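What follows is a short report on a single structure.
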2 protein chains.
Amino acid sequence: MSEQRILVTYLTQAKDLSKKAAAVAVGMTVGSWTDLPAAKQAELQPYLGEAVSATPLETLANGETRGLITVSYPTRNFTQDIPSLLTGIFGKLSMDGKIKLVDIVFPDSFLAAFPGPKYGIEGLRSRLGAQNRPLLMSIFKSCLGLPFDDLKTQFRAQALGGVDLVKDDEIFFADDRAPFLDRIKAFKQIALETEAETGKPVLYAANLTGPVHELGEKAKRAVEAGADCLLFNVLAFGFDALHRLAQDPDVHVPIMAHPALAGAYYPSPDYGIATPLLLGTLMRVAGADLVLFPSPYGNVALDKMEALQLAKNLTTPLVGIRPSFPVPSAGIHPGLVPQLFEDFGLDQIVNAGGGIHGHPGGATAGAKAFVAAIEAVTAGRTLQEAAASSSELAIALEKWGGGR
Amino acid sequence: MSEQRILVTYLTQAKDLSKKAAAVAVGMTVGSWTDLPAAKQAELQPYLGEAVSATPLETLANGETRGLITVSYPTRNFTQDIPSLLTGIFGKLSMDGKIKLVDIVFPDSFLAAFPGPKYGIEGLRSRLGAQNRPLLMSIFKSCLGLPFDDLKTQFRAQALGGVDLVKDDEIFFADDRAPFLDRIKAFKQIALETEAETGKPVLYAANLTGPVHELGEKAKRAVEAGADCLLFNVLAFGFDALHRLAQDPDVHVPIMAHPALAGAYYPSPDYGIATPLLLGTLMRVAGADLVLFPSPYGNVALDKMEALQLAKNLTTPLVGIRPSFPVPSAGIHPGLVPQLFEDFGLDQIVNAGGGIHGHPGGATAGAKAFVAAIEAVTAGRTLQEAAASSSELAIALEKWGGGR
């Protein structure tokens, strides 16, 4: 396989998967092939897609085979951005029967055009001075419509519990009661105060919103106001908006990608874009330093294999592209920390909302329970052992269970 | 129902649809309700979503009911843009089990913030001087990798057949052999030449690509170079990119929305966003003058009810928002024109690729066959009658059939 080709894998079904792969390879590139005169073929050959493989998985009742097909595309077919890539490999194909986009493997030459995370795992650890442990993030209980003072109270309570990051609600767009830049300044001040008390810094991730062509300017104003981190609804704004923020040297803060709207793409077995690609590879390549995704626990959980592959896609070595922090989210309480550690290892962010605010002792106690749980698993102790010296953790385990 | 609320309908399943609607109404707005103190409830009441209705459609084997739920959201919860809207009504909800976003009804006050089409149906008809008939559009046979001269030859052949518009391939991003502005200038010149010959103007829709924050500037350069129309992969770049182009007074050309990637959202019965909303309401509100969507004919057709509802959403009266031209696409040949006319009426664009280039007499003859077919149905004649005076149409009907 040439260095200059992009390998794209689809899950689909057909009478003959190999023929389907060949049809996609032609249909998504030069349009037609066998009926072209030889001179035209010679001219278009450099742009022609190629069927690479077809892997049957099961025979369906209608006689078709369901399986994976891989097609390679010349990098010259694309401009070096995700709209071109997705349109070129899945634009009209997405509307052509049962087909799901599941994986993309890039040649280094193509990856070189993408920013990837500006900070990534190491950069964020270094900002926080937090090595060799999972980080801890907490979410406001709610943001919409709350008076500014309530948000300040919430921020302080979470920070005092020892979390590493606090993030806005992703639906926090209409923020006239606590405007974006004012929040950034106010929470920065509170963070300095709580750090003086706890000895731990805390970063605030403010939700970056606004007209797409003004996001760069708004992000720069946020940085000038002292922003630590920006939350961004990548799928609502498009991957290219993330790419351009990540690429901008003046936007020198980590970007946290929220998965809002991802469920419009990934859950169907037959259609859409698989999570390891959508929230893993593409988010990372486009420049997300941290990526939230549905955890494999809780009520409506992501399939565990998918969640693990997603995290792997965020962290596996890629030439010139830093790893992104996986943030498995939803349904997280302190008793789950050993499971999280077993599944996602050191390089993850433990992210809780209800698991912090729902603590009987309040958000500060809720955060302390998580801090104790994370310290325990990192040191190879059980939560039961740790609960002996953390009443907050003991109470959390009593409420939510867990804690091997 | 207050004027200031947005009505959102979802297709979902639950033990109790009414309870599900109530849970969505709270969960997507203030987060929690019954456990809030009365003073907090009073404060957050203006931001609270409300369950409006629950309509059962069928009882499932697992005892759950599948059906439609409608929730109303206060407009104050959103900034006036589609990323805020979609994140706020479907962001995390999209990842919460089987749920599909199917319809949005806006109050006039919220719609007023959106540009809608700058030209719309009447504006485009007026540019073309083409009243009281469906328009005709033709697609390049392929674009990728072709020498500029081949594209010029293709453009001229299509234009000489009497089409109203010619559009780029949507995958045409890497265009170094026939750069964007050069194409616009060259095809403008050819269009003037063919108009002198045929008496009919023809508009060229050039594919607008590039970094999302530079699209406005690039579109303006296109207009200065004489662009007639811009093709735009809206879903690849995000609805807000369309909104900002449509809103920009300097981008004074119609914008044609391509549905590339739409199949990642709409085909599942359980997940995603329904086509009448995705390619209908949202494309129109964000400012598409013309909207391509999969026709209900051909191999992989859109469900006919969905296609008709989509076209209706593009054209039904909305305060302050012009109607957009429906462009049902794929599988279109001259014999289908009576069916197209019956289904979509006068205000549509007949759009063909293979149905023009595959004509035994070539693209010019292919276009002439369509022109004859459109003239016939508009005048209330059968295609068989029209074929008596159009050898191109007679040949097309022989090849593709149809033609009541």
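Taking every DSSP beta bridge that has both ends in segment B:120-400, the antiparallel portion is near 5%. Could you tell me how many degrees, from 0 to 90 and to the nearest 10, lie between the Cα long axis of helix B:391-400 and the main elongation axis, the longest principal axis, of the Cα atoms of chain B? The angle comes out at about 50 degrees. Label separation (A:Ala42 vs A:Gln4): 1.8 nm, computed from points 7 Å beyond Cα along the C-beta direction. Entry for chain A at q = 0.10, 0.12 Å⁻¹: log10 I(q)/I(0) = -0.70, -0.94, Debye formula applied to identical alpha-carbon scatterers, no solvent contribution. For a modelled paramagnetic label at A:Ser109, 7 Å from Cα along Cα-to-Cβ, the residues of segment B:173-202 in reach, with backbone nitrogen under 19 Å, are B:173-177.
Bridgeable aspartates and glutamates around A:Lys19 (alpha carbons under 14 Å apart, same-chain partners fewer than 8 residues away excluded): A:Glu50, A:Glu64.
If R0 equals 60 Å, the separation of the Cβ atoms of A:Arg221 and B:Thr153 corresponds to a calculated FRET efficiency of about 0.75. In the structure shown, the pairs A:Lys100/B:Lys15; A:Lys15/A:Lys100; A:Lys15/A:Lys92 are assessed against 26 Å; a Cα-Cα span above that value is assigned to A:Lys100/B:Lys15. Spatially close Lys pairs in segment B:178-314, defined by Cα atoms under 15 Å apart and a spacing of eight or more places or different chains, total 4. Here r is the Cβ-Cβ distance between A:Lys15 and B:Val52 and R0 is 35 Å; the resulting FRET efficiency, rounded to 0.05, is 0.15. Inter-chain Cβ neighbour count for B:252-265, averaged per residue, equals 5 (cutoff 10 Å, partner chain atoms only). Beta-bridge orientation, segment B:252-381: approximately 10 percent antiparallel, per DSSP, counting only bridges with both partners inside. Approximating the spin labels as points 7 Å out from Cα along Cα→Cβ, the A:Thr378-to-A:Ser126 distance works out to 1.9 nm. Summarising the overall dimensions of the protein assembly as shown from its C-alpha atoms, the Rg and Dmax are 27.4, 95 angstrom. What the phi angles of segment A:133-150 give under the Karplus curve with 6.51, -1.76 and 1.60, with θ = phi - 60°, is a coupling list of 7, x, 7, 10, 10, 10, 10, 4, 4, 7, 10, 4, x, 6, x, 3, 4, 5 Hz, glycine and proline written as x.
Helix A:17-27 axis versus longest C-alpha principal axis of chain A: approximately 90°, rounded to the nearest ten.
Legend: mean number of C-beta atoms from other chains within 10 angstrom of residue C-beta atoms, peptide B:229-241, equals 5. Short-range pairs are left out: with C-alpha atoms under 8 Å and at least six residues apart, the relative contact order of chain B is 16 percent. Taking a straight line from the alpha carbon of A:Lys368, these aspartates and glutamates sit under 19 Å away, with near neighbours fewer than eight places off in the same chain left out: A:Asp164, A:Glu193, A:Glu195, A:Glu197, A:Glu385, A:Glu392, A:Glu398. Oblate is the label for segment B:5-111. Its Cα gyration tensor axes, ordered a ≥ b ≥ c, give a/c of at least 1.5 and b/c at or above a/b.
FYI, it's all coordinate maths here, none of it is from the lab. None of the values given here were measured: they were computed from a predicted structure. Glycine gets a Cβ as well: all are built from the backbone with ideal geometry, and neighbour counts include every protein chain shown.
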